[in-house]
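The values are calculated or read from the model by the stated rules, or taken from the named source; none is laboratory data. What you are looking at is a predicted structure, and each value in this text was computed from that prediction instead of being measured. So basically every Cβ, Gly included, is an ideal-geometry build from the backbone, and we count neighbours across all protein chains shown.
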Amino acid sequence: MAADPQYERTILSPLGFHGIGLHSGAGVTLRLVPAPAGSGIVFRRVDLDNFEIQASGRNVAKVSYATSLMRQGVLISTTEHLLSALIGLGVDNVIVEVDNLEVPILDGSAKPYVDAILGAGMKVQRRKREYIKILKEVEVREGTKFIGVYPGEGYGIHYTIDFPEPIGHETFIGDLEAGAYAELIAPARTFGFREDEPMLRDMGLIRGATDQCAIIIGKGEVQNGPLRFQDEFVRHKVLDLIGDLALAGRRIWGRVVAERAGHAMHTALVQRLMRDRSAWVLANRYEEEPAVEKSASPLRALVPSQA
């Protein structure tokens, strides 16, 4: 994948998905369509006269149990898993056609998207990829919760979570540029606690939740195991982080550290970073010739650890 860091990519052919929204419970059909170089990731509401919403921090709407985008009153919700798959595989330009207000949850991870994209293949385009190169630290703190981005090589991630048992304290340390997103991050599923279900449903959330699209925790144990990884919970938080930081518009070139953060803090970091123009610069990397690849070779290795 020598050309990957240097040139933008799109998918080779359209890809279709159908499922339900995690929170709306509504059926939705989603289609990924190749897009020209320089387009970025654009959501298109085909049920609303093809209204378009750019995947950008300026369009972030309500963020609580999922990340939502809104422009001129038009909403697209639960974008994080799809955006994570696209950034994780290095897809820069794509149109996301959806016929409802929420992206389908599928199996609760990014794996269905990743498998489909890798199966169809990607096209390297004749435009140099620009990265957001971090020049100085930018941080967001909220009590004991914290997230920050710092100068560094690659796309380093250090994420720590702390939940009641059986999750406990987990840490994941790795570098997205070094690889293995498809194997080590994409399969990690979202999770929730059974005791929170009545409250969330009363709030109009998780109407589409089943044990087929989330890890369910109740009475101190996982109720629908087995887990895909021993530390699947923190890996899913890393998956969410990559998807939320995609709203910066380009891939990060630096190091991200997060402790007990979540969607709201992820997107708050994006917005604070975008406001501080002295904290970053757009930069290219490497000098390789573009090429067309029928499929992406596996990325190398992220390094997980459990504290």
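Can you confirm whether residue 262 is within 18 Å of the chain's Cα centre (by Cα) and modelled with pLDDT under 95? Show your work before the answer.
On the way: within 18 Å of the chain's Cα centre (by Cα): yes; modelled with pLDDT under 95: yes.
Judged against the criteria, residue 262 is a match.
Yes/no per residue for (1) outside any loop (DSSP other than H, G, I, E, B); (2) at positive phi; (3) modelled with pLDDT under 85:
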{"site": "179", "(1), (2), (3)": "no, yes, yes"}
{"site": "187", "(1), (2), (3)": "no, no, no"}
{"site": "198", "(1), (2), (3)": "yes, no, yes"}
{"site": "212", "(1), (2), (3)": "no, no, no"}
{"site": "228", "(1), (2), (3)": "no, no, no"}
{"site": "234", "(1), (2), (3)": "yes, no, no"}
Residue identified as out of contact with any Pro (no Cβ under 8 Å at 6 or more places or on another chain), within 23 Å of residue 75 (Cβ to Cβ), surrounded by 16 or more Cβ atoms within 10 Å (Cβ to Cβ) and not basic (Lys, Arg) among 147, 105: 105
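Hey, does the range 242-265 have a residue that's assigned to a loop (DSSP other than H, G, I, E, B) and crowded, with 23+ Cβ neighbours inside 10 Å?
Yes: the range 242-265 contains one or more residues that are assigned to a loop (DSSP other than H, G, I, E, B) and crowded, with 23+ Cβ neighbours inside 10 Å.
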Residue satisfying condition, being buried (at least 21 other Cβ atoms within 10 Å of the Cβ) and touching a residue at least 24 places away in the same chain (Cβ under 8 Å), within set 83, 135, 75, 118: 83
Options 251, 201, 194; residue that is touching a helix residue (DSSP H, G or I) at 6+ places or on another chain (Cβ under 8 Å) and among the basic types (Lys, Arg): 251
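How many residues, within the range 140-150, are out of contact with any Leu (no Cβ under 6 Å at 6 or more places or on another chain) and touching a residue at least 24 places away in the same chain (Cβ under 8 Å)? Spell out how you get there, then give the answer.
Going residue by residue through the range 140-150, those that are out of contact with any Leu (no Cβ under 6 Å at 6 or more places or on another chain) are 141-146, 148-150.
From what is left, the residues that are touching a residue at least 24 places away in the same chain (Cβ under 8 Å) are 142, 144-146, 148-150.
The qualifying residues number 7.
Within the range 214-226, which residues are within 10 Å of residue 167 (Cα to Cα) and in a loop (DSSP other than H, G, I, E, B)?
Scanning the range 214-226 gives a single hit, 220.
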Close pairs (6 angstrom Cβ cut-off, 6 or more residues apart or separate chains): closer than 17 Å to residue 229 by Cβ and modelled with pLDDT of 95 or more in the range 151-177, among the small types (Gly, Ala, Ser) and part of a strand (DSSP E or B) anywhere: 157/174; 159/258; 171/305; 173/305
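Count, please, the residues in the range 200-210 that happen to be of a type in the set (A, V, I, L, M, F, W, C), part of a loop (DSSP other than H, G, I, E, B) and under 23 Å from the mean Cα position of the chain (by Cα). Don't jump to the end; show me each part of the working.
If we filter the range 200-210 for residues that are of a type in the set (A, V, I, L, M, F, W, C), which is where we start, we get 200, 203, 205-206, 209.
Going one step further and asking which of them are part of a loop (DSSP other than H, G, I, E, B), we end up with 203, 205-206, 209.
Still in the list and also under 23 Å from the mean Cα position of the chain (by Cα): 205-206, 209.
Qualifying residue count, the range 200-210: 3.
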Subset tally (residues that are in contact (Cβ under 8 Å) with a residue 60 or more places away in the chain and either of a type in the set (Ser, Thr, Tyr) or in contact with a Leu (Cβ under 8 Å, 6 or more places away or on another chain) (or both)) for the range 184-203: 5
